[in-house]
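**Student:** First, the structure itself, so that you have it in front of you.
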Amino acid sequence: MSDKRDLLILGGGLVGMTLAIAAAKKGISSHVVDRADPAELTAEGFDGRASAISTASWNLFRNIDIADALEPFGCPIASIAVTDGMKPGRIDFQPEEHEGTLGRMFPNRRLRLALFEAAQGEDLISYRPKTNVLTRHRGDHGVTAMLADETVLEASLMVGAEGRLSPTREEAGITMAHWDYSHRAMIVGLTHSKPHENVAWEIFYPAGPFALLPLLDDEDGSHRSALVWTVAEKDAAGVLAMPRSMFRAEVAKRMHGVLGEIELQGDISAYPLSFQHTVQITGDRLALVGDAAHGMHPIAGQGLNLGLRDVGALVEVMSEAARLGLDFGDAQMLARYQKWRALDSLMVMGATDGLTRLFGIPGKLPSAIRRLGMGMVQRTPPLKRWFMDEARGVSGEVPELLKG
Amino acid sequence: MGDATVANETIRPQEAAHFGALAAEWWDPKGSSAMLHKLNPVRLAFIREAIDLHWAGDIHSVKPLAGKSALDVGCGAGLLCEPLARLGANVTGVDAAAENVAAARAHAEGSGLAIDYRHGELGSLGLGQFDLVTSMEVIEHVADKQAFVSGLAAHLAPGGLMVLSTPNRTLASRALLVGAAEALGAVPKGTHHWEDFVTPEELEELLVAAGLTVGTPKGISWSPTKGLHLSDDLALNYIVTAQRA
Ligand SMILES: Cc1cc2nc3c(=O)[nH]c(=O)nc-3n(C[C@H](O)[C@H](O)[C@H](O)COP(=O)(O)OP(=O)(O)OC[C@H]3O[C@@H](n4cnc5c(N)ncnc54)[C@H](O)[C@@H]3O)c2cc1C
């Protein structure tokens, strides 16, 4: 009866599902439990977000054989333009010819579809959507989860991948340092008259950052970008209540016509922003991945990429455990995973947090400091290099799976 | 099958509970065997490489010992036996202490691994020959070292591989293993008697006298950034392969 598997992955979102597939490629079996309905998650209009996939994350997708299916939907980012509310002083992050692109933009919906399809073909993945977990247990020899229908799932290692509110993390008593930005990200698709020329814009306003991320043209040839507009929590309700025409006008005002005439495409969605961090991302027979391990501000587009690096590191540590005959819940292996990831996520989060704080204070003086700050990033090659490497996910000790 | 009384030994319920607790203690990565747990992946990495080289196997295989037999002498609660069993070997573990063997059995059962554990002196158990013979951190506790090594050699099948590890007898090992580690509680007091430690040269002599040839030893060192790791520095602890001459 017992179908004891290697992994019990709780949460089959972008990160949890990628983990299951990457593990399966290494012969590691898993149960994946998610409370959501995949049909809803991949319905047109459910998640209007698009994600920047770094070069390192793209390598992971190649290595787990889902890149070919995704390729037609990716829009390469040739450069990132960072400006301070459109005042003079703009940093362009542009890689050298031989360095390839900074990343690719994908609609989240496409990422989910590709992952679900790949997971379906894997015998090593037992996927249970629309399923709630009643109780979790981590013992000396393995872990179990009891489902709402009283089925008990068994494995060697439990993985918390339920996103930032992870109940598995909460139950393990792992607390996160939490910083609420009191801001909300408004997400909507835009069509625009001028081509974006594969430039991603990050425009910093005192009220919060405003990002335009290039997407592929529509079938009818209209040019598209994804907008992430960050507004203060106190203004969010007002902004969301605006008639569409007014919302459009407010957005256009902040874009200074860089992309010509604009129209809104699809529904506007809103996400509260917060920053969460914990050094502890493991427990007895437990590992956290993705937003469950680190929530962060999305302005630098690193949340998913960071989660995919968790996947690469965890799978590498687990394949090493298998090669050495160690149990998948082995404490030394988990310690290695934790040590490996802690520094990386702290570096990325520190930089992202620093960026928004630098740009989040109104007034003349901060604006001057901001311009100076940007000038500094522009003038200081190592820092710029680091930002670029970070955006492309090639700094630090990179897991094998994320190498080209 | 030699010692049937050991294999069929029946354990009373309260004893089973006692051995279960003992196993839990041995297997607690933060408990009194913490040092052994940290050492385990390091010596397993060496053993894995030795296995791949010796039998020219696939370095990615997760069952490189499939179809092979393995004997671990001084097995404790099975910290090495269980990985060897997962790698596909038919494993026999021997330990002088009946308590350790009972704890090892209790743990292997929980792990769902079939391992043949025996307690007693290796020479009196009448075991046959094995493709892989290991003995980690044991020879330093043994009085007649030549008899011990020859006993191991007698259980090595033709074409087989032996792997031994032990602390070196240097001033560094005296300071760290006996002094600091005990003071810090990293290993229980009285675990090590420095005078009994064997140098790599002495071990080679013992192995050669038992009709074996010896590979190049690797050191197990410690650094603040890497923790315990394999290195060329043999001063503290070393691990080495041997095979029939
Ligand atoms: C506005 C915004 C824009 C972003 N833009 C980018 C970007 O451009 N690039 C980038 O890299 N990152 C970006 N991010 C971050 C990125 O979206 C997240 O880092 C990523 O989705 C994390 O994936 P995850 O699988 O860890 O968590 P999630 O995507 O949150 O998935 C969690 C899964 O667990 C399931 N679940 C939740 N609770 C339970 C439960 N109790 N039981 C069972 N299942 C449960 C959910 O149904 C879901 O499927 C952005 C985030 C936001 C908010």
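The values are calculated or read from the model by the stated rules, or taken from the named source; none is laboratory data. If you're wondering where the values come from, they're calculated on a predicted model, not measured in any experiment. Reconstructed Cβ throughout: ideal geometry from the backbone, glycine too, with neighbour counts over all protein chains shown. Side chains are part of the model used for accessible areas, which takes the heavy atoms of the whole protein and leaves out ligands, DNA and RNA. Shrake-Rupley method; radii C 1.70, N 1.55, O 1.52, S 1.80 Å.
**Student:** Quickly run through region A:45-56 and pick out the residues that are under 22 Å from A:LEU227 (Cα atoms) and either touching a Lys or Arg at 6+ places or on another chain (Cβ under 7 Å) or within 13 Å of the ligand (Cβ to nearest atom) (or both).
**Tutor:** Listed by number, the residues that qualify are A:PHE46, A:ASP47, A:GLY48, A:ARG49, A:ALA50, A:SER51, A:ALA52, A:ILE53, A:SER54, A:THR55.
**Student:** Further, regarding this structure: If only one of A:GLY13, A:GLY74 is in contact with an Asp or Glu (Cβ under 8 Å, 6 or more places away or on another chain) and either within 12 Å of the ligand (Cβ to nearest atom) or among the small types (Gly, Ala, Ser) (or both), which one is it?
**Tutor:** A:GLY13
**Student:** Have a look at A:ASP34, A:ASP68, A:ASP84 and point out the one that is surrounded by 21 or more Cβ atoms within 10 Å (Cβ to Cβ) and away from the ligand (no atom under 16 Å from the Cβ).
**Tutor:** On the way: A:ASP34 fails: away from the ligand (no atom under 16 Å from the Cβ); A:ASP68 fails: surrounded by 21 or more Cβ atoms within 10 Å (Cβ to Cβ).
It is A:ASP84.
**Student:** So, restricting to strands (runs of 3 or more DSSP E) that lie completely within region A:176-248, which ones have at least 1 residues that are at positive phi and open to solvent by 30 Å² or more (accessible area, probe 1.4 Å)? So that I can check it myself, show each step before the final result.
**Tutor:** On the way: elements: A:177-192, A:199-205, A:208-215, A:223-232.
Hits in region A:176-248: A:177-192.
**Student:** Report, by residue number, each residue of region A:249-262 that is open to solvent by less than 70 Å² (accessible area, probe 1.4 Å) and in a loop (DSSP other than H, G, I, E, B).
**Tutor:** Correct list: A:GLY257, A:VAL258, A:LEU259, A:GLY260.
**Student:** Follow-up. Filter region A:312-325 down to the residues that are open to solvent by 10 Å² or more (accessible area, probe 1.4 Å) and at the interface with another protein chain (Cβ under 7 Å from one of its Cβ atoms) and list them by number.
**Tutor:** Those that are open to solvent by 10 Å² or more (accessible area, probe 1.4 Å) and at the interface with another protein chain (Cβ under 7 Å from one of its Cβ atoms): A:ALA322, A:ARG323.
**Student:** If you scan region A:140-175, which residues turn out to be of a type in the set (Gly, Ala, Ser), open to solvent by less than 20 Å² (accessible area, probe 1.4 Å) and more than 16 Å from the ligand (Cβ to nearest atom)?
**Tutor:** Hits for region A:140-175 are A:GLY142, A:SER156.
**Student:** A further question on this structure: Could you please give the count of residues in region A:120-139 that are on the phi > 0 side of the Ramachandran plot and either open to solvent by less than 40 Å² (accessible area, probe 1.4 Å) or within 14 Å of another protein chain (Cβ to nearest Cβ) (or both)?
**Tutor:** 0
**Student:** Return the residues of region B:49-71 that are without any contact (Cβ under 8 Å) to a residue 24 or more places away in the chain and within 9 Å of chain A (Cβ to nearest Cβ); say none if nothing qualifies.
**Tutor:** B:ILE59, B:HIS60, B:SER61
**Student:** Another question, if that's okay. Restricting attention to region B:107-121, report how many residues are more than 10 Å from every other protein chain (Cβ to nearest Cβ) and at pLDDT below 95.
**Tutor:** 3
**Student:** So which of A:ARG285, A:ARG254 ends up being within 14 Å of chain B (Cβ to nearest Cβ) and more than 9 Å from the ligand (Cβ to nearest atom)?
**Tutor:** Going through A:ARG285, A:ARG254 in turn, just one is within 14 Å of chain B (Cβ to nearest Cβ) and more than 9 Å from the ligand (Cβ to nearest atom): A:ARG285.
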